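S.K.: There's a structure below that I have some questions on.
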Amino acid sequence: MKRYQIFISIFLFEIIVLVFLLFSASAQVAKGKKEMLSLKDLCSELSLTDLSVWTEARYTRNPSQADWFSPFQDFPSSVEHFPAGSLIEPPMRRKR
Amino acid sequence: MIKHLKILEFALSSLLRRKLKNLAIVSVFTTVTMVIASILFLTHSFKKEALLILQGSPELIVQRIQAGRHALIPLSYVDAIKGLPGVGDVRPRYWGYYYDPLTGANFTVIAYPEGIRKTEIIEGSLPGANEHGYCLIGSGVADARFLQIGDELFLQDIKGRVLSLKVRGIFKKSSQILTNDLVIISRPDFDRLFGFPEGHATDLTVQVYNPTEIQNIAGKVKKLLPDTRPITRSEILRTYDSLFNWRGGMLLALFASSVLAFVILAWDKATGLSAEERQEIGILKAIGWETSDVLTLKFWEGASISLISFLTGIILAYIHVFYFSAVLFEPALKGWSVLFPDFRLRPYVDLYQCFVLFMVTVVPYTASTIIPSWKAAITDPDSVMRG
């Protein structure tokens, strides 16, 4: 087998894999539609305003409800007040 | 066509002669593409999921602000807001945060609202609105406290007494992105846990009949009750839009140095021809290759490296984000959260982003390999070979 044949085979293989992944992505999104609707309904029933992703502080748990401004209170997209915040690690007991 | 295949064959042989160098470029190119594509996939999916789910959030929320901070809102405000034209139902929301010293986690406690329905995302049953001593919890809370349906969840109320709640239902793991840290309890239990003063709620949700009037109603509420802060649904959605852009930006900043290193490597490789490569071009010209043939050869060299690296990078990024929950970014994403959802993102892929990534990686790399070769190819073969 010539080198260009190997190269073209690898290239085509990757294209096929990528196309397969993109098709499976749209199939998964379509399949998960019902679940997304249930989550949207639950959000409406519980009157939720935020995702439960970052639970460490008020302004990360409910970024849309964070205070506008008060001294030393962070808010979404704010710059860290204390440089130490970008250098120190969380305490050991929080690293679970 | 045959000519191109033969030139491609020659280009691949030429690349294989400098195996290690080109292998290093392919691996760095692939890694950089994978990292950038992972960030794009992750932030896009996060954003898309947040924006779809939060379409269900209240049209308008009214919070009370006191001394620059969020304060409890008196229920007397309900009637005042209800009196505004265009306003439908106004409901108080009772919710708060509970720091759990046992696990170091923060729970979000909500008083059981009316109208909640049992769906497939809830395991077990729902406690009745007036049933004391029962709760419905998120799977993050269940995992942190090793709870199953029928077990007791012990919390400490404001007076230090133990509040025991029997777990009636648990939100399924597939809903973790919304429910991971939730503890839903009855109003009397909520009042006991937090010692809520009579006639107060955390905030109010306002139903607005005409969606185009929401902003207008928000302005009227602010005018009527100056110590309040109305938050509209569009503001919530905008927050999430900017939040995920920021998270993506943070990750990009973390990897900016590696991207810069790649740019320097690619630039150095692509713009400066080695003596060996210049000699090779000189020999090809001397044996009768046209300038256009040399440029085609260099195009195929650049294109074969960048295309394979780009495709491999994109495929690896997809697998990393959607099959392995972006495990490489977990430390940056998780932050200090004790309860972090182990969610599987739905694969929302933006083809436009892939196209932009293609344009900023493959095209410049291929182009920058052609330009120096063109310079060498148009000079006299004899002087090129002599260096």
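Nothing in this text is a laboratory measurement; each read-out follows from the coordinates by a stated rule. Source: prediction; values computed, not measured. Virtual Cβ from ideal backbone geometry, glycine too; neighbours counted across all protein chains shown.
S.K.: Cut-off is 10 Å between beta-carbons; in what order do B:75, B:147, B:260, B:297 appear when sorted fewest neighbours first? Intermediate results must be reported in sequence, preceding the final value.
M.R.: Working: B:75 14, B:147 17, B:260 11, B:297 22.
Neighbour counts put them in this order, fewest first: B:260, B:75, B:147, B:297.
S.K.: Helix-only mean residue ellipticity at 222 nm, chain B, DSSP H runs n ≥ 4 weighted -39,500 (n - 2.57), per residue, nearest 500. What is it?
M.R.: Computed mean residue ellipticity for chain B: -18000 deg cm²/dmol.
S.K.: Okay, next question. Sorted from fewest to most neighbouring beta carbons within 10 Å, what does the list A:41, B:79, B:241 look like? Don't jump to the answer; show the numbers that get you there.
M.R.: On the way: A:41 16, B:79 9, B:241 13.
Ranked by crowding around the Cβ, least crowded first: B:79, B:241, A:41.
S.K.: Given Cα pairs under 8 Å that are at least 6 residues apart, what percent is the relative contact order of chain B?
M.R.: After rounding, I find 28 percent.
S.K.: Going by alpha carbons, how many degrees (0 to 90, nearest 10) lie between the helix axis of B:19-53 and the longest principal axis of chain B?
M.R.: Rounded to the nearest ten degrees, it is 30.
S.K.: Still on this structure, please answer the following. Could you work out how far apart the two model spin labels at residue A:22 and residue B:378 are, taking each label as a point 7 Å from the Cα in the direction of the beta carbon, and quote it in nm?
M.R.: 3.7 nm
S.K.: Next question, about the same structure. Fully extended, how many nm does the chain gain between residue B:3 and residue B:371 (0.36 nm per residue separation, minus their Cα-Cα distance)?
M.R.: Answer, rounded to one decimal: 130.3 nm.
S.K.: Take the Cβ-Cβ distance between residue B:82 and residue B:235 as r, set R0 to 22 Å, and report the resulting FRET efficiency rounded to the nearest 0.05.
M.R.: The calculated FRET efficiency here is 0.50.
S.K.: What is the Cα centroid distance between the range A:7-36 and the range B:277-311, reported in whole angstrom?
M.R.: About 33 Å separates the Cα centre of the range A:7-36 from the one of the range B:277-311.
S.K.: Calculate, in nm to one decimal, what residue B:209 and residue B:117 gain on full extension: separation in residues at 0.36 nm each, minus their alpha carbon distance.
M.R.: Additional length available on full extension: 30.8 nm.
S.K.: Taking 30 Å as R0, compute the FRET efficiency from the Cβ-Cβ separation of residue B:227 and residue B:132 and round it to 0.05.
M.R.: After rounding to 0.05, the efficiency reads 0.35.
S.K.: Between 0 and 90 degrees, rounded to the nearest ten: what's the tilt of helix B:233-271 against the longest Cα principal axis of chain B?
M.R.: So the inclination is approximately 20 degrees.
S.K.: Okay, moving on. Which ³J(HN,Hα) values in Hz, rounded to whole numbers, follow from the phi angles of the range B:368-373 under the Karplus curve 6.51 cos²θ - 1.76 cosθ + 1.60, where θ = phi - 60° and Gly and Pro get x?
M.R.: Calculated HN-Hα couplings, in order: 6, 7, 7, 4, x, 5 Hz.
S.K.: Here is the link list: A:40/B:118; A:31/B:47; A:31/B:172; A:40/B:223; A:33/B:173; B:47/B:172. Which ones come out longer than 25 Å on Cα distance?
M.R.: Values: A:40/B:118 14 Å; A:31/B:47 19 Å; A:31/B:172 17 Å; A:40/B:223 31 Å; A:33/B:173 16 Å; B:47/B:172 22 Å.
Checking Cα-Cα distances, A:40/B:223 exceed 25 Å.
S.K.: What ³J(HN,Hα) values, in whole Hz, does the Karplus curve 6.51 cos²θ - 1.76 cosθ + 1.60 give for the range B:308-323 when θ = phi - 60°, with x put for Gly and Pro?
M.R.: Listing the rounded values in order: 5, 5, 5, 5, 4, x, 5, 5, 5, 4, 4, 5, 4, 7, 9, 9 Hz.
S.K.: I need B:44, B:4 ordered by Cβ neighbour count within 10 Å, fewest first.
M.R.: On the way: B:44 20, B:4 13.
Placing the least packed residue first, the sequence is B:4, B:44.
S.K.: Out of B:236, B:186, B:51, whose Cα points farthest toward the positive end of the dipole of the protein assembly as shown (charges: +1 Lys, Arg; -1 Asp, Glu; placed on Cβ)?
M.R.: B:51
S.K.: Could you work out, for chain B, what percent of all Cα-Cα pairs fall into each 10 Å distance bin, beginning at 0 Å and stopping at the bin that holds the largest distance?
M.R.: 4, 17, 20, 18, 13, 10, 8, 7, 3, 0
S.K.: Hey, another quick one. Set Lys and Arg Cβ to +1 and Asp and Glu Cβ to -1, take the dipole of the range B:59-231 about its Cα centre, and tell me which of B:208, B:74, B:224 lies farthest positive.
M.R.: Of the candidates, B:224 comes out farthest on the positive side.
S.K.: Out of residues 5 or more away from residue B:163 or on other chains, whose amide H comes under 5 Å of its own, with H placed 1.01 Å from N in the peptide plane?
M.R.: Answer set, sorted by chain and number: B:155, B:156, B:157.
S.K.: Can you list the HN-Hα couplings for the range B:273-283, worked out from phi with the Karplus curve (6.51, -1.76, 1.60; θ = phi - 60°), rounded to whole Hz and with x for Gly and Pro?
M.R.: My calculation for the range B:273-283 gives 7, 6, 4, 5, 5, 5, 5, 4, 5, x, 5 Hz in order.
S.K.: In Å and on Cα atoms, what radius of gyration and Dmax does the range B:327-369 show?
M.R.: Cα radius of gyration and Dmax of the range B:327-369 are 16.7, 49 Å respectively.
S.K.: Mind checking which of B:266, B:160, B:137 is farthest towards the positive end of chain B's charge dipole, using Cβ charges of +1 (Lys, Arg) and -1 (Asp, Glu) about the Cα centre?
M.R.: Toward the positive end, the furthest listed residue is B:266.
S.K.: Can you tell me the dipole magnitude for the protein assembly as shown around its Cα centre, using point charges on the Cβ only (Lys, Arg +1; Asp, Glu -1), in Debye to the nearest 20?
M.R.: 480 debye
S.K.: I would also like to ask the following. Only four residue types carry charge here, +1 at the Cβ of Lys and Arg and -1 at the Cβ of Asp and Glu. Report the dipole size of the range B:274-387 about the Cα centre in Debye, rounded to the nearest 20. Provide the component values of the computation, followed by the final result.
M.R.: Working: 8 positive and 11 negative charges, 76 e Å.
It comes to approximately 360 debye.
S.K.: Here's another thing I want to ask about it. Quick one: which residues, 5 or more positions from residue B:65 or on another chain, have an amide H under 5 Å from its amide H? H modelled 1.01 Å from N in the peptide plane, none for Pro or chain starts.
M.R.: Excluding prolines and chain starts, which carry no amide H, the hits are B:71, B:228, B:229.
S.K.: So what is the relative contact order for the range B:59-231, in percent, with contacts set as C-alpha pairs under 8 Å and at least six apart?
M.R.: Over the range B:59-231, the number comes to 37 percent.
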